[in-house]
1. Rounded to the nearest 20 debye, what is the charge dipole size of the chain about its Cα centre when +1 sits on each Lys and Arg Cβ and -1 on each Asp and Glu Cβ?
2. In square nanometres, what is the average projected area of the Cα convex hull of region 7-120?
3. Tell me which chymotrypsin sites (Phe, Trp or Tyr not before Pro) from region 232-294 have a DSSP coil assignment and no more than 16 other beta carbons within 10 Å of their own.
4. Which one of Leu160, Val39, Leu72 has its Cα pushed farthest toward the positive end of the charge dipole of region 7-483, where Lys and Arg give +1 and Asp and Glu give -1 at the Cβ?
5. Mind listing the phi-derived Karplus ³J(HN,Hα) values for region 147-162, rounded to whole Hz, using 6.51, -1.76 and 1.60 with θ = phi - 60°, and x for any glycine or proline?
6. If you plug each phi of region 439-450 into the Karplus form 6.51 cos²θ - 1.76 cosθ + 1.60 with θ = phi - 60°, what whole-Hz ³J(HN,Hα) values come out, in order, with x for Gly and Pro?
7. Applying the Karplus parametrisation 6.51 cos²θ - 1.76 cosθ + 1.60 with θ = phi - 60° to the phi angles of region 286-295, what ³J(HN,Hα) value in whole Hz is obtained for each residue in order, glycine and proline being reported as x?
8. For the chain, what does -39500 (n - 2.57) per DSSP helix run (n ≥ 4), summed and divided by total residues, give at 222 nm, in deg cm²/dmol to the nearest 500?
Amino acid sequence: MFRTKSVEQSIRDTDDPDAKLRKDLTAWDLTVFGVAVVVGAGIFTLTARTAGNMAGPAVSLAFVFAAVACGLAALCYAEFASTVPVAGSAYTFSYATFGELIAWIIGWDLILEFALGTSVVAKGWSQYLGTVLNTQPIWHIGSVKFDWGAVLLIAILGVLLAMGTKLSSRVSAVAVAIKLAVIALVVVVGATYFKASNLKPFVPESVPNADGGASAVHQTLFQLVTGGGNSHFGWYGLLAAASIVFFAFIGFDVVATAAEETKDPARNVPRGILGSLAIVTVLYVAVSLVLTGMVSYKDLQGNDATLATAFAIHGVTWAKNLISIGALAGLTTVVMVLFLGQTRVLFAMARDGLMPRKLAHTGSKGTPVRITAIVGVVCAVLAGFVDFGTLEEMVNIGTLFAFVLVSVGVVVLRRTRPDLPRGFRVPLVPLIPILSVLACAWLMFNLSVETWLRFVIWMAIGMVVYFAYGRRHSLLNGREAKTGS
């Protein structure tokens, strides 16, 4: 269960002609992918809701806290991706450092992250489509609601991804240009309504939630342990907000899943990861400061607040449609890149035999068409029929768990394989990886007890699947049996 797959073996497996991905991507393509997946739902919806319901004007500080945690983890991802330029991201890295069981756990965790992320954001896209069409893309089948808008998006993106990663990158570049233009206009126009008085108090006083703190599972784990109660605003609210807006940064790690499809990955993957994270952090902080400077955070309370709400208060009605168009473009690329990440993680697991080996077939196009089709169907069903509610937090906890393992893995691989060539090296090891672990663990600590319970149940299911199938079908297990090791 703790046998490791050597870095050299991982790289050799990429030459298998039946399971070989095409190397088409450059540093620019990866940066576009990073910005494409990170700038989306967070900047158009999450910013306003978090400001109004949890952090007030301090939401910009919450973004900084989340960005610091992401930045520390990004350095660790950059080193791993330049050392092990193989599809699978944290799953592949864990296989080389901690062994098969931990690799399975993180792969199962990433399946949760990407599948839920793809489906949740597709539903958000559908809501914005309804705003543009002035009617919600929902069919009522008896008592069941079917979100045909979300299913349509996933189907179209599935076809694009099956046709090739380079084509997907070109489509992403166009959509990224559209949403960045919209964001720039929002910041420029919004700044003309900016009032410094709206930023006071920067950290509003703590306020009990509507249920009076009666429900323990809805508190953050930190509040439960420290007796902070189920409250919002104040410092508890700010810390919880940092854990929530972390959702807005999810996706930069997807860049690492495309390492195997990148030209000169040792140089280009670190540039793509760090460059995209730097760009989006500046965008998030700028938008959150402008938003909370335009109106009082109290005007953004409720679950329906978006960037357009602040403009509507000032009578700038045209901004609503413009923001909706930007959101459509933004969320399209988010779904595309999360979808890509899901297929590449499953591809890596299938190539190793932990999932059915036939799924790793790539064919003449150099893309895992079978896995793309299966992921598309599963995500379409989830997006079409499931009301996710608070399941977005599941994406956060899954991602943070992956970040923790990757950060620890950098220290482990430095000790066990100091001889490996590294295109990028994390500075100040082990300090930076330790800080990354602490920052990510802190954000996990500020997620709700309910989310933790769901996460434990999902991981327990994963252990059953591993011992029932993965352990017996592992190719590494077969290689060791042949060599008698």
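Quick note: the coordinates plus some simple rules give every number you see, no bench work behind them. As the structure is a prediction and not an experimental result, all values here were calculated from the model. In this analysis, Cβ positions are derived from the backbone assuming ideal geometry, glycine residues included, and neighbour counts consider all displayed protein chains.
1. On the way: 35 positive and 27 negative charges, 191 e Å.
Dipole about the Cα centre, nearest 20: 920 debye.
2. Values: hull surface 36.4 nm².
Mean projected area for region 7-120: 9.1 nm², to one decimal.
3. Values: sites: Phe233, Trp235, Tyr236, Phe246, Phe247, Phe249, Phe252, Tyr284; in loops: Phe233, Phe252.
Passing both the DSSP loop test and the Cβ count: no residue.
4. Value: Leu160.
5. Per-residue couplings from phi come out as 8, 6, x, 5, 5, 4, 4, 4, 5, 5, 5, x, 5, 4, 5, 5 Hz.
6. Here the 3J(HN,Hα) series is 5, 5, 4, 5, 5, 4, 5, 9, 8, 5, 4, 4 Hz.
7. Here the 3J(HN,Hα) series is 4, 5, 5, 5, 5, 4, 6, x, 6, 9 Hz.
8. Details: 19 runs with 309 residues, N = 485.
After summing the helix terms and dividing by the residues of the chain, the value is -21000 deg cm²/dmol.
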